[in-house]
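First comes the structure, then the notes that go with it.
The values are calculated or read from the model by the stated rules, or taken from the named source; none is laboratory data. In this text the structure is predicted, and so the values were computed from the model without any measurement. Glycine gets a Cβ as well: all are built from the backbone with ideal geometry, and neighbour counts include every protein chain shown.
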Amino acid sequence: MALTLSPVLAGAVFSGVPSSCLRRSAISSLHPPQRHSSTTNRTVRASLRLGPLIWPWDKVKVGPLSVSPMGFGTWAWGNQLLWGYQESMDMVLQDAFNLALKNGINFFDTADSYGTGRLNGQSEKLLGKFISEFPGPMNVTENVVIATKFAAYPWRLTPGQFVNACKSSLDRLQVDKIGIGQLHWSTANYAPLQEKALWDGLVAMYEKDLVQAVGVSNYGPKQLIKIHDYLTTRGVPLCSAQVQFSLLSMGPEQMELKQVCDSLGIRVIAYSPLGLGMLTGKYNTSTLPRGPRALLFRQILPGLAPLLSFLRRIAQARGKTMSQVAINWCICKGTIPIPGIKSVKHVEENLGSLGWRLNSDEILELESAAQASTKKMVQNIFQTA
Ligand SMILES: NC(=O)c1ccc[n+]([C@@H]2O[C@H](COP(=O)([O-])OP(=O)(O)OC[C@H]3O[C@@H](n4cnc5c(N)ncnc54)[C@H](OP(=O)(O)O)[C@@H]3O)[C@@H](O)[C@H]2O)c1
């Protein structure tokens, strides 16, 4: 009998919320290390005849912050249940982090709930350790922007509790100030009375100067407008909205959220841009990842044939990989994708998503292929309207 996963269970397991220097020559030649003058960039671009380009060191604004046009996600760093994390992986993760930093990536997403069981907070801890041990110039680490997320635990009911949560994250990250403090999810769907406490928590962190900017995650357009308006009355700018956004998750809700964000000057951060790995092309029904992802992939992958075959065709025609095309699509849609990485190879490959752009025909064809696919990603159970 085939095992099936209910959408709610799948949404919970795959929601990214708790259920409880190596530098490779290939990359260095394409992405020379830090401190590039714009003249150097122009020269490199001209010689490669690429354009219009976005390089990791061509930063984009998120509120007051300047970040690379793609960040990296660190949900897997500490998560044994879904991602098979082991502490023996830490050196590889550190190599991956160093490689990213040396090649201009300065944006990393984490959460205070990342890390399962006794490893809770491990993702933040590892980021803190890797930043402090980075074997490169100080100005590189000074420009790192960490976006962490604060879980809407039922016992976090006062601004003081959020301030304390923020101080614990600062300790784990070994920094004085967090780049973006984000609410991990809204409680509007199941505990609406708690919602205001979350909003006041963000205000308190901002007023105490513990975060440079504030953002939300898993907020739909309606709830986003509400929090935006509330924060405005409190004098706190909302800089970002993180949402599941990919070729597998590009429904009307995502597009409406993007429009609302554009009209309010809020950046959309695209999480799970590779559909948890399904858009990389390396999985099919006979080659599945270990752990609970296999259950989900077994259900979804057979319905993705039109999209995956078109993704493969574009990738081949462009000399790119399917992951690079999928990430580039998110950038073309005006979002900042944060693919999850856990190896040097992931970083190397995902860096190749930058420096070029899909053309409008390719984008349209990819989207039609996505629409023609009978399966989509399950949505986060905490996602609001
Ligand atoms: N706000 C939220 O509620 C929320 C929810 C989910 C995620 N997020 C954030 O978004 C980040 C990214 O999302 P995600 O990790 O869920 O999914 P994702 O980015 O869609 O997929 C990441 C996985 O794909 C595989 N991969 C990555 N690059 C690859 C490459 N170049 N080639 C082949 N495989 C590659 C890796 O897993 P394998 O090699 O094992 O296949 C990796 O762990 C998270 O780390 C987290 O920071 C936030």
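Results for (1) under 25 Å from LYS102 (Cα atoms); (2) not aromatic (Phe, Trp, Tyr), shown as yes or no for each residue.
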residue	(1), (2)
THR148	yes, yes
TYR153	no, no
LEU157	no, yes
SER168	no, yes
message: Yes or no: the stretch 93-102 includes at least one residue that is over 16 Å from the mean Cα position of the chain (by Cα) and surrounded by fewer than 20 Cβ atoms within 10 Å (Cβ to Cβ).
response: yes
message: I'd like to verify a number: residues in the stretch 295-324 that are more than 15 Å from the ligand (Cβ to nearest atom) and under 21 Å from the mean Cα position of the chain (by Cα), how many?
response: 0
- request: Answer yes if at least one residue in the stretch 214-222 is within 14 Å of the ligand (Cβ to nearest atom), surrounded by fewer than 24 Cβ atoms within 10 Å (Cβ to Cβ) and of a type outside the set (D, E, K, R), and no otherwise.
  value: yes
Verdict on PRO292 being away from the ligand (no atom under 11 Å from the Cβ), more than 21 Å from the chain's Cα centre (by Cα) and over 18 Å from ASP109 (Cβ atoms): no
message: Can you list the helices (runs of 4 or more DSSP H) lying wholly within the stretch 238-353 that have 1 or more residues being of a type in the set (Phe, Trp, Tyr)?
response: 293-300, 305-318, 322-332
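Which of the residues spanning the stretch 58-77 are within 11 Å of the ligand (Cβ to nearest atom), in a loop (DSSP other than H, G, I, E, B) and not polar (S, T, N, Q)? Let's see the steps before the verdict.
To start, the set of residues in the stretch 58-77 that are within 11 Å of the ligand (Cβ to nearest atom) comprises 70-77.
Still in the running and in a loop (DSSP other than H, G, I, E, B): 70-71, 74-77.
MET70, GLY71, TRP75, ALA76, TRP77 - these are the residues of the stretch 58-77 that are within 11 Å of the ligand (Cβ to nearest atom), in a loop (DSSP other than H, G, I, E, B) and not polar (S, T, N, Q).
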query: Can you tell me how many residues in the stretch 357-367 are outside any helix (DSSP H, G or I) and either surrounded by fewer than 17 Cβ atoms within 10 Å (Cβ to Cβ) or modelled with pLDDT under 95 (or both)?
result: 1
